[in-house]
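Since the structure comes first, as structure tokens, the remarks are kept for the end.
The values are calculated or read from the model by the stated rules, or taken from the named source; none is laboratory data. On a predicted model such as this, the values are computed, not experimentally measured, just so you know. FYI the Cβ positions are ideal-geometry reconstructions off the backbone, even for glycines, and counts take in every protein chain you see. Note: accessible area is taken over every heavy atom of the protein model, side chains too, but ligands, DNA and RNA are not part of it. Shrake-Rupley method; radii C 1.70, N 1.55, O 1.52, S 1.80 Å.
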Amino acid sequence: MPGGYRDIVILLRLISWPYFRKHILRTMLTTAGIVLGVAVFVGMHTANQSVLDAFSHTVDRIAGKTELQVTAGETGFGEDVLEKVQSASTVRVAVPVIEAVVDAKIKGQGNLLVLGVDMTGDGSLRDYDLESDEAAIDDPLVFLAQADSLMVSKEFAERNGLAVGRQVLLGTVEGEKRFTVRGVMKSSGLTSAFGGNLAIMDIYAAQKMFGRGRTFDRIDLAVRPGRTIAEAEAELSVLLGPGFRVEPPSGRGQQFEAMLGAYSMMVGISSLFALFIGMFIIYNSFAIAVTQRRSEIGILRALGATRGQIHWLFLGESAITGVIGSLGGVAFGSVIARGIAASIGQLIGDVYGVAQQADDLATSPALLLLAMGIGVITSVVAAAVPAHQAARVDPVHALQKGKYQVLSAGESRARVIAAAILGAISMACLVVPAIAGDAVDRSRVVFYTGYVLAIIAALLLGPLLSRALARTIRPVLKWMRPVEGVLAADSLIQAPRRTSASVAALMLSLALVVAFAGMA
């Protein structure tokens with residue numbers, strides 16, 4: 001580090017700290033930019049992973065001894081498919097399942113995951129150990145004969161004061177219906193699925209109550225002794241045809257992860273936008289600081305401070321801001337992750353009809369360290385240009401008044417040329433995939449590449465457009481407020497980079513809102 005580490009620390013203590021205390025509100029706003037960006041990054045990614053992990057755990061716990069599952073999309077399939085699977089030479093037992101997420105109509109309890117199963121055969125795949133020996137459950141035929149029969153987990157029963165014989169109100173396709181609790185299952189891996197909000201009912205009653213008609217959602221099966229899972233999977237794939245998916249229960253987690261692909265991309269974009277917005281807030285804050293501290297910088301240079309020391313002084317300030325903001329962002333992101341996970345869970349459940357509920361947050365130390373690094377790097381990069389400008393301040397001219405930012409003709413021309421090139425590439429990226437009919441994944445990457453290039457082109461033109469706009473509205477401001485209007489317009493004209501940074505932050509915020517509205 002030029003100038004020596006000790007000298008930079010002394011300058012930070014004697015010069016930077018008093019400035020931060022004097023401008024505490026601006027310092028808080030600058031730090032808040034990093035807090036926001038890091039918090040969105042941590043919160044969204046933690047929530048996304050938590051929901052995915054919760055779904056995978058739910059699948060594993062519900063699967064029990066299931067070795068393979070047969071599915072056919074959202075429409076389900078009829079009893080003839082079940083008969084084909086049960087007749088396969090590699091299958092020991094195959095039972096149909098209906099899975100529905102319903103409103104429990106109990107305040108504060110949210111949704112209940114109801115499994116419709118065939119009680120006469122499902123016991124070989126899942127254990128339904130009861131708290132006491134109810135005759136209705138000892139004899140499955142008695143349980144089947146009563147369409148309102150329901151078994152609930154011990155956790156759900158204890159939270160809601162339920163016991164055998166009590167009734168529960170559930171939302172069905174026929175409206176609100178009352179079901180009678182005829183069994184309470186002991187705590188186990190199965191009952192811990194979906195946060196314990198789990199209930200079991202007869203599959204044919206579930207078909208009627210949840211509008212399945214005569215179809216099933218899936219078939220759970222176990223392989224015959226002496227035969228392998230691969231053999232069973234191959235036989236069933238040939239037997240059922242290409243319209244069916246035969247895979248282990250863990251494969252549903254992979255399907256769910258694929259479902260979350262578009263949402264994950266939206267998460268990444270929102271995190272990137274939030275960090276960009278924070279970057280421009282930091283840039284603007286440090287640009288103002290350089291302007292306000294010109295005389296101070298000139299005095300330091302006159303006293304022997306090198307350009308390197310001035311440069312590292314501002315970078316050191318930004319690094320400290322980044323560390324504090326990143327720590328705050330990690331803490332805030334961890335707090336909001338639970339709320340975001342609940343929102344994602346409800347969204348995915350409504351859109352895809354997939355049951356999951358995140359009870360524990362999947363907090364990754366690697367993710368938190370990455371977020372810290374991104375926050376600090378973002379802060380330092382944002383302050384790099386103001387730090388360079390501060391280092392170039394001439395001590396002779398530092399105390400002169402009336403100096404302002406100037407965009408040279410060469411710089412302006414370079415910005416226009418670069419923006420034109422990026423704009424042309426962006427238009428090609430947005431148009432070509434639609435015409436060529438490219439693959440979906442490739443088209444998506446090309447589209448978002450064009451989207452990012454369009455934003456960069458707009459940022460390059462920001463100072464020029466901001467200055468042109470300020471000059472255009474100057475007469476109007478002068479007419480409205482002869483003194484204040486002229487001062488405001490001149491301030492915007494004299495600091496095109498600082499002005500464009502504020503405009504860019506607002507532009508990115510609005511672009512994020514419009515993009516998310518379009519996605520929704």
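Figure note: Val85, Val376, Val416 ranked by solvent-accessible area, largest first, 1.4 Å probe, ligands and nucleic acids not counted: Val416, Val376, Val85.
What is the calculated FRET efficiency for Arg166 to Lys107, with r their C-beta to C-beta distance and R₀ = 22 Å, to the nearest 0.05? Computed FRET efficiency for Arg166 and Lys107: 0.85. Taking Arg481, Arg6 and ordering them by how much accessible surface each has at a 1.4 Å probe, largest first, produces Arg6, Arg481.
Charge dipole (Cα centre; +1 on Lys/Arg Cβ, -1 on Asp/Glu Cβ; no other charges) of the range 452-520 amounts to roughly 200 debye. Taking label positions 7 Å along the Cα-Cβ direction at both Met480 and Met28, the computed distance is 2.9 nm, reported to one decimal. Annotation note: trypsin sites (Lys or Arg not before Pro) in the range 180-241 located in DSSP loop regions with a Cβ neighbour count of at most 11 within 10 Å are Arg214. Put a dot 7 Å past the Cα of Thr120, heading toward its Cβ, do the same for Tyr451, and the two dots end up 5.3 nm apart.
Within the shell defined by Cβ-Cβ distances under 14 Å, the residues around Ser237 carry a net charge of -2, with Lys and Arg each +1 and Asp and Glu each -1. Pull up the cross-link candidates among the lysines for Lys177, meaning alpha carbon to alpha carbon under 30 Å and not fewer than 8 places away within one chain. Partners within reach: Lys105, Lys107, Lys154, Lys186, Lys208. Exposure check, 1.4 Å probe, all protein chains in place: Arg467 carries approximately 50 Å² of accessible surface.
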